[in-house]
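As structure tokens, the structure follows; a few thoughts come after it.
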Amino acid sequence: MKLRFSILFCAMILSFTVYGQHEDFHPGETWKDDQGVHINAHGGGFLIHDDTYYWFGEIKTKGSEGNKAQVGVSVYSSEDLYNWENKGVALAVHEDTTSLLVKGCVIERPKVIFNEKTGKFVMWFHHELKGQGYKAAMTGLAVSNNVAGPYTYVKSVNPNPGIWPSNFPDSLKTRDADPDDFEWRSDEWFEEVEKGLFLRRDFEKGQMARDMTLFVDDDGKAYHIHSSEGNQTLHVAELTDDYLDFTGNYTRVLPGQQNEAPAVFKKDGKYFMISSGLTGWDPNPGRSAVADHPMGPWEPLGNPVVGTEEQMRTTFKSQSTYVLPVKDRENAFIYIGDRWTPKNPIDGKYVWLPIEFEGERPIIRWYDSWDLTFFDN
Ligand code: GAL
């Protein structure tokens with residue numbers, strides 16, 4: 001009895017020292033979970049459920065193959081946002097080589113939302129097929145009855161085949177322009193891209209969907225926001241009531257402006273987006289935009305970074321993935337970005353910084369360390 005008690009006591013002390021270890025955020029530094037291991041949840045998406053935070057992300061592995069999905073999507077949980085418990089693999093890749101979700105495909109930027117009507121947790125992610133680089137540009141769907149999974153893979157699609165965006169003018173629907181007729185990235189090419197060169201090309205088969213996020217509005221409507229048209233134009237696409245499909249209602253946002261890594265949040269009835277430019281794993285100047293409706297029109301607000309030239313040029317060496325509203329606090333939002341390390345992807349770090357507002361413009365400043373009392377002011 002005595003022995004059992006002391007073992008229990010030691011275990012409690014141990015788990016307390018490991019788990020309850022963080023009291024603040026240290027952007028860009030190694031961030032250990034409850035097991036003392038750097039959190040492995042890149043391109044993350046967050047969900048608040050039953051008063052608990054869940055962090056879903058890409059499980060990276062060591063070395064050059066580590067950006068491909070060797071394991072799947074991880075999930076961590078937290079009560080306080082500083083200390084995260086590893087809840088394991090939420091969505092596992094398949095060993096079955098006939099499955100599109102086969103080990104070695106690419107799974108990026110997983111996002112999970114909860115459907116109040118069906119009681120299901122719905123995960124969408126950027127999915128590239130094994131051996132095809134980034135050509136497929138699909139979005140994948142997985143569902144679960146439990147927040148931490150396991151999630152069951154359902155399908156991958158190119159959204160909205162045979163449907164025009166609601167804000168695409170009739171005059172451009174029949175425009176005679178072929179992608180092969182233009183020199184890649186020439187002035188004419190950019191002009192045509194803006195006028196829907198790739199939108200028309202992909203009209204029958206469905207649109208490209210790469211970097212992505214999900215946003216659920218107060219009325220329960222969900223939107224799938226993804227980088228489309230060769231990463232040149234964002235699409236904001238409405239999801240069906242069960243969140244398992246696209247309704248066909250979608251808009252082109254900031255055509256030809258190369259927005260990637262979208263993250264959307266709502267404050268005082270307005271919708272804000274943080275995004276990045278298009279430079280692969282290398283960081284670039286962040287962007288921000290505002291709208292009165294998730295489907296736009298979106299008005300660019302410029303680089304949200306306030307800091308040194310270097311910080312503005314690299315968004316604190318990070319690329320956006322999510323803006324997290326802090327629970328039980330009004331107008332408290334956290335910018336969450338990835339500091340990618342593509343040569344050894346598992347080593348990638350996370351940059352969490354508070355979002356501040358200058359008038360109606362969201363801004364982000366650097367803090368070596370900070371905690372949630374920041375929002376008390
Ligand atoms: C980035 C994108 C990442 C990943 C990477 C691959 O631009 O944001 O999610 O797709 O390109 O090079």
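Looking for something farther than 21 Å from Ala261 by Cα and touching an Asp or Glu at 6+ places or on another chain (Cβ under 8 Å) - is there at least one such residue anywhere in segment 121-130? Checking segment 121-130: not a single residue is farther than 21 Å from Ala261 by Cα and touching an Asp or Glu at 6+ places or on another chain (Cβ under 8 Å). The set of residues from segment 93-105 being in contact with a strand residue (DSSP E or B) (Cβ under 6 Å, 6 or more places away or on another chain) and either over 17 Å from His42 (Cα atoms) or surrounded by fewer than 20 Cβ atoms within 10 Å (Cβ to Cβ) (or both) comprises His94, Leu100, Leu101, Val102.
Restricting attention to segment 57-92 and to residues that are surrounded by 19 or more Cβ atoms within 10 Å (Cβ to Cβ) and of a type in the set (Phe, Trp, Tyr), the residue that is farthest from Val154 (Cα to Cα) turns out to be Trp84. Only residues that are surrounded by fewer than 18 Cβ atoms within 10 Å (Cβ to Cβ), within 16 Å of the ligand (Cβ to nearest atom) and within 14 Å of Gly286 (Cβ to Cβ) were counted across segment 329-372, and they come to 0. Among the residues making up segment 148-163, those that are open to solvent by 40 Å² or more (accessible area, probe 1.4 Å), in a loop (DSSP other than H, G, I, E, B) and in contact with a strand residue (DSSP E or B) (Cβ under 7 Å, 6 or more places away or on another chain) are Pro150, Ile163.
The residue of segment 252-280 that is nearest to the ligand (Cβ to nearest atom), among those that are outside any loop (DSSP other than H, G, I, E, B) and either open to solvent by 10 Å² or more (accessible area, probe 1.4 Å) or in contact with a helix residue (DSSP H, G or I) (Cβ under 6 Å, 6 or more places away or on another chain) (or both), is Glu260.
Close contacts from segment 202-225, counting a first residue that is open to solvent by 30 Å² or more (accessible area, probe 1.4 Å) and a second that is of a type in the set (Gly, Ala, Ser), with Cβ to Cβ under 8 Å and a gap of 6+ residues or different chains, come to Phe203/Gly162; Glu204/Gly162; Arg210/Ala137; Arg210/Ser227; Arg210/Ser228; Val216/Ala222. Output the residues belonging to segment 183-207 that are in a loop (DSSP other than H, G, I, E, B) and over 24 Å from the mean Cα position of the chain (by Cα). Selection gives Glu183, Trp184, Arg185, Ser186, Lys195, Gly196, Phe203, Glu204, Lys205.
If you filter segment 281-290 down to residues that are within 13 Å of the ligand (Cβ to nearest atom) and in contact (Cβ under 8 Å) with a residue 60 or more places away in the chain, you find that the one that is surrounded by the most Cβ atoms within 10 Å (Cβ to Cβ) is Gly286.
Taken together, Asn158, Asn146 contain a single residue that is over 30 Å from Asp50 (Cα atoms) and modelled with pLDDT of 95 or more, which is Asn158. Being within 16 Å of the ligand (Cβ to nearest atom) and assigned to a loop (DSSP other than H, G, I, E, B): is that true of Lys135 here? The answer is yes for Lys135.
The number of residues in segment 316-328 being within 11 Å of the ligand (Cβ to nearest atom) and either open to solvent by 10 Å² or more (accessible area, probe 1.4 Å) or at pLDDT below 95 (or both) comes to 1. Within segment 97-122, residues that are on the phi > 0 side of the Ramachandran plot and away from the ligand (no atom under 16 Å from the Cβ) have Cβ atoms under 9 Å from residues that are of a type outside the set (Ser, Thr, Tyr) and open to solvent by 30 Å² or more (accessible area, probe 1.4 Å) in these pairs: Gly119/Asn145, counting only partners at least 6 apart in sequence or on another chain. Being modelled with pLDDT of 95 or more and within 16 Å of the ligand (Cβ to nearest atom) holds for only one residue in Gly220, Gly206, Gly230, Gly196, and it is Gly230.
Looking only at residues in segment 291-315 that are of a type in the set (Gly, Ala, Ser) and in a loop (DSSP other than H, G, I, E, B), the one that is surrounded by the fewest Cβ atoms within 10 Å (Cβ to Cβ) is Gly307.
The values are calculated or read from the model by the stated rules, or taken from the named source; none is laboratory data. None of the values given here were measured: they were computed from a predicted structure. Reconstructed Cβ throughout: ideal geometry from the backbone, glycine too, with neighbour counts over all protein chains shown. Areas reflect the complete protein model, heavy atoms only, side chains present, ligands, DNA and RNA absent. Shrake-Rupley method; radii C 1.70, N 1.55, O 1.52, S 1.80 Å.
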